[in-house]
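Have a look at the structure below, then the notes.
The values are calculated or read from the model by the stated rules, or taken from the named source; none is laboratory data. What you see is a predicted model, and the numbers here were worked out from it, not measured in a lab. Cβ coordinates were reconstructed from backbone atoms using ideal geometry, including for glycine residues, and neighbour counts include every protein chain displayed. In case anyone asks, the SASA skips ligands and DNA or RNA and just uses the protein heavy atoms, side chains included. Shrake-Rupley method; radii C 1.70, N 1.55, O 1.52, S 1.80 Å.
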Amino acid sequence: YKDLEYFSAQYKEKIGLPLTITGATPQTVRENQIRVLVEGGMAGIRMGIQSGAEKTKEQYKRGAANKTVQKATHIINEHRKKLTPQYDLIIDNPYESDEEIVETLMLLSTLPTPFVMAVYSLTFYPGTELYNEARRDGLITDDHKEVYRKYYHSCQKTYLNGLYFLIRDYAKHGSRIPTWVMYLMTRDQLRSCRLSHVVYAVMLAWKVHFIPMRMAELASKTIGDLSRGDVFRIKRKIKLYVRKISSLIPTYAR
């Protein structure tokens, strides 16, 4: 800690540029250390979360419990006026079940905002146990194409993956999808009848300000139509808005 105090003081005095710390882990985040680094000019910190599922974290050799992740993000969030965090996640793991993916989504819905979220498609790198397992199971057949030439931001277009990006877009603006809403969007029963997709579409519409911007306008015009007894126009508006909302519902599901 004394070394950090010395470094922060010297950095602030002799360099004075915004400082970004990369490679932080939830286990290494301490309140006093973050505070002294922010005082020295730290404006960004990048921390790997990767997954909220215990089995997946074992695969990635990441041992931080979800409570540790939550504690670390709350410590960082105390400095949100000066510090912008980035949290890294890995998706597209063929060994993950939907239930394990949902564990991560539910964890993310509890984290304080704002934060930047970087989402990476899992790449199997030679020399790792995970690569050897994937090779043995026939998931990797061409290293050049499936490893070295793979674009790790090119994620699969699945419904659950879409929820990661929805969380990301809310979080960067300082908003958060309520945990109970995330619960509705990830329940098997609701997903099987596509009701979860409707909730998704509503949250997506709210994100792009479709509902807030149009609601007052719609209400005003509807009152005018009612006063004129123009039922046809009201029906037409309802169909139009239903069509717009429906267009936001994902056509893919996992």
Provide the net charge surrounding PRO114, with neighbours chosen by a C-beta distance below 12 Å and charges set as Lys +1, Arg +1, Asp -1, Glu -1.
-> +4
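Please state the relative contact order of the chain as a whole percent: Cα pairs under 8 Å, 6+ residues apart?
Result for the chain is 15 percent.
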For region 14-94, the charge dipole (Cβ of Lys, Arg +1; Cβ of Asp, Glu -1; about the Cα centre) points to a positive end, and the Cα of ASN93, GLY40, GLY52 closest to that extreme belongs to GLY40
Per residue of the chain, what 222 nm ellipticity follows from adding -39500 (n - 2.57) for every DSSP H run with n ≥ 4, rounded to the nearest 500?
-> -16000 deg cm²/dmol
Could you list log10 I(q)/I(0) for the chain at q = 0.09, 0.12, 0.17 Å⁻¹, which the Debye formula gives when each Cα is one point scatterer?
-> -0.54, -0.84, -1.27
Approximate shape of region 6-149 as ellipsoid semi-axes (Cα gyration tensor, √5λ), whole Å, largest first = 33, 18, 12
Computed lengthening from LEU17 to GLU78, 0.36 nm per intervening residue step minus Cα-Cα distance = 19.8 nm
Among the lysines, which fall within straight-line cross-link reach of LYS239, defined as a Cα-Cα distance under 19 Å, with same-chain neighbours fewer than 8 residues apart omitted?
-> LYS221
Using the heavy atoms of the protein chains and a 1.4 angstrom probe, tell me the accessible area per residue for the chain in square angstrom.
-> 58
A 1.4 Å probe over the protein heavy atoms gives the chain a carbon and sulfur accessible-area percentage of 56
Cα-only Debye scattering, region 65-190: base-10 log of I(q)/I(0) at q = 0.13, 0.21 Å⁻¹ | -0.62, -1.21
Build a GNM of the chain with springs between Cα atoms under 10 Å: which of VAL231, VAL116, VAL69 gets the top mean-square fluctuation?
-> VAL231
